[in-house]
1. Below 20 Å, Cα to Cα, which aspartates and glutamates can LYS96 reach? Residues fewer than 8 away in the same chain don't count.
2. Report the extension gain between SER27 and LEU60 in nm, rounded to one decimal, defined as 0.36 nm multiplied by the number of residues separating them, less their alpha carbon distance.
3. What whole-number distance in Å separates the alpha-carbon centres of the range 1-25 and the range 56-121?
4. Tell me which residues come under 5 Å, amide H to amide H, from ILE31 once H is placed; ignore anything under 5 positions away on its chain.
5. Rounded to the nearest whole Å², what accessible area per residue is found for the chain with the 1.4 Å probe?
6. What does the convex hull of the Cα atoms of the range 15-121 come to per residue, in Å³, rounded to a whole number?
7. Want the number for THR102 to GLN1: 0.36 nm per residue separation, take away the alpha-carbon distance, what's left?
8. In what sequence, largest accessible area first, do GLU46, GLU88 appear using a 1.4 Å probe?
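The values are calculated or read from the model by the stated rules, or taken from the named source; none is laboratory data. Quick caveat, the model's predicted, so the values are computed rather than measured. Methodologically, a virtual Cβ is constructed for each residue, glycine included, from the backbone with ideal geometry; neighbour enumeration extends over all protein chains shown. When the accessible area is computed, the model is the full protein with side chains, heavy atoms only, and any ligands, DNA or RNA have been set aside. Shrake-Rupley method; radii C 1.70, N 1.55, O 1.52, S 1.80 Å.
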Amino acid sequence: QVQLVESGGGLVQPGGSLRLSCAASGSFVSINEMGWYRQAPGKQRELVAAITWGGVINYLDSVKGRCAISRDNAKNTVWLEMNNLKAEDTAVYYCKAEVGVTSALYTWDYWGQGTQVTVSS
């Protein structure tokens, strides 16, 4: 069983900062890509940022320059630092990990439970 536990969401004023964290636990062989997605009310879930085991990073255009994703492979943890937050960043943020449960060649997607980020004055 693989679990992703997220933390760090909350209410912040426009221009503020938040740091989200996601830790994977359980029985598995490897984690390939780890990423953060978000879903606002009435909208589709979208990729915010993702990072591979080797450190290749991909960002949503609208968060480039404002967000930084990082991970610690030894701790199976990924972080998302978000700065200069805007009202349009308000959403539930989900962590996703591509996990090799019995083999690094075959991965399954696991999701966290989501953490609410609200940007409002």
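1. Counting by Cα, and skipping residues close in sequence, LYS96 has these aspartates and glutamates nearby: GLU6, GLU33, GLU46, ASP61, ASP72, GLU81, ASP109.
2. Difference between extended and current length: 8.8 nm.
3. After rounding, the separation between the Cα centres reads 8 Å.
4. When sequence neighbours closer than 5 places are left aside, the close amide H contacts are GLY100.
5. 54 Å²
6. 99 Å³
7. Value of the extension gain: 35.2 nm.
8. Largest accessible area first, the residues go GLU88, GLU46.
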